[in-house]
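To start, the structure itself, in structure tokens.
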Amino acid sequence: MELKPYLTRIGVDGIAKNDLQTLNLLQHQHLKTVPYENLDIMRNIPISLEVADIYEKIVIRNRGGYCFELNGLFAWLLKTLGFAVVDYMARYLRDEPTIPMRRHRVLRVTCNGKDFLCDVGVGAVVPRTPLPFIFDTPMQRGNEVYKLEKEPFLGNVLYERKKHEWSAVYAFTEEEQLDLDYIMPSFYCEKHPESFFRTMDMVHIFTEDGRKSVANREIKLFSPNNVEVITPQSEEHYNQLLLEHFQIKI
């Protein structure tokens, strides 16, 4: 496991530092170059959360992963660069009718004496750069606006503003987690018959001014004023589209 190939994988040149400018760059570039994807789960390929195995998958084989993999490896990168990182467990709330189980991994990163929420492991819209741990204060990230609020049961809740309303994204409490704490929820996501991750292929990556997504094998290309939909005509065509738009070779 070497630092330089990982930085090359995410399009970062030179020697990175442990300052806020670098932290912003690393998260922004990671979201643009490493896709969120559950393709191994859908194909019954076991997922390892050992950092060396995630490194081999993402850096060497040019694949992506889901939150336990992506934020796990990103945490290793940040720690290697000298950032202080604490891992938390979160409840993913977007589009959930009731309070769900904890099955999301997020990072608290200290930089220049201040704490930031960092996340490169969401398969939907998410802040492209770290959010300061400031509560009840709207924070703009591109065209999106987010805020953190404290709630008695859920703890720290990340909200996104949709038009004129606030919608919860996920919530987390501040108990530090070890790498092994993610093995059980990841196994649920991989194997449980009711797991959302076993229902369809999900792939997502950001572009400079939009994003690309796969849902139920339909490719959607989002730009500021348009959504282009591509329906694969065959398995071969689908695999070609994965390679063309996400650099994923199955």
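Here are the numbers for the structure shown:
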{"quantity": "Residues of the stretch 17-50 classified as among the aliphatic types (A, V, I, L, M), open to solvent by less than 20 Å² (accessible area, probe 1.4 Å) and in a loop (DSSP other than H, G, I, E, B), total", "calculated": "1"}
{"quantity": "The stretch 213-250: number of residues that are under 24 Å from P127 (Cα atoms), open to solvent by 50 Å² or more (accessible area, probe 1.4 Å) and not aliphatic (A, V, I, L, M)", "calculated": "8"}
{"quantity": "Leading residue by the ranking (modelled with the lowest pLDDT) among those in the stretch 147-168 that are in a strand (DSSP E or B) and open to solvent by 40 Å² or more (accessible area, probe 1.4 Å)", "calculated": "K162"}
{"quantity": "Tabulated pairs, the stretch 18-44, first free of Cβ contacts under 8 Å to residues at least 40 places away in the same chain and more than 21 Å from N239 (Cα to Cα), second of a type in the set (G, A, S) and open to solvent by less than 60 Å² (accessible area, probe 1.4 Å), C-beta under 6 angstrom, 6+ apart or interchain", "calculated": "Q29/G11"}
{"quantity": "Of all residues making up the stretch 161-180, the number that are more than 22 Å from V51 (Cβ to Cβ) and free of Cβ contacts under 8 Å to residues at least 60 places away in the same chain", "calculated": "6"}
{"quantity": "Selection status of F74, loosely packed, with under 13 Cβ neighbours inside 10 Å, of a type in the set (A, V, I, L, M, F, W, C) and either at pLDDT 95 or above or not in a loop (DSSP other than H, G, I, E, B) (or both)", "calculated": "no"}
{"quantity": "Criterion (farther than 24 Å from L49 by Cα and either at pLDDT below 95 or in contact with a Phe, Trp or Tyr (Cβ under 9 Å, 6 or more places away or on another chain) (or both)) met by exactly one of I250, I219, I205, I183", "calculated": "I219"}
{"quantity": "Residues within the stretch 169-209 that are surrounded by 15 or more Cβ atoms within 10 Å (Cβ to Cβ) and either farther than 30 Å from K150 by Cα or touching a Ser or Thr at 6+ places or on another chain (Cβ under 7 Å) (or both), tallied", "calculated": "7"}
{"quantity": "Filter result (assigned to a strand (DSSP E or B), in contact (Cβ under 8 Å) with a residue 60 or more places away in the chain and under 18 Å from C67 (Cα atoms)) within the stretch 94-146", "calculated": "H104, R105, V106, R108, V109, F116, C118"}
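The values are calculated or read from the model by the stated rules, or taken from the named source; none is laboratory data. Quick caveat, the model's predicted, so the values are computed rather than measured. For neighbour counting, all protein chains shown are included, and Cβ atoms are generated from backbone atoms with ideal geometry for every residue, glycine included. Note: accessible area is taken over every heavy atom of the protein model, side chains too, but ligands, DNA and RNA are not part of it. Shrake-Rupley method; radii C 1.70, N 1.55, O 1.52, S 1.80 Å.
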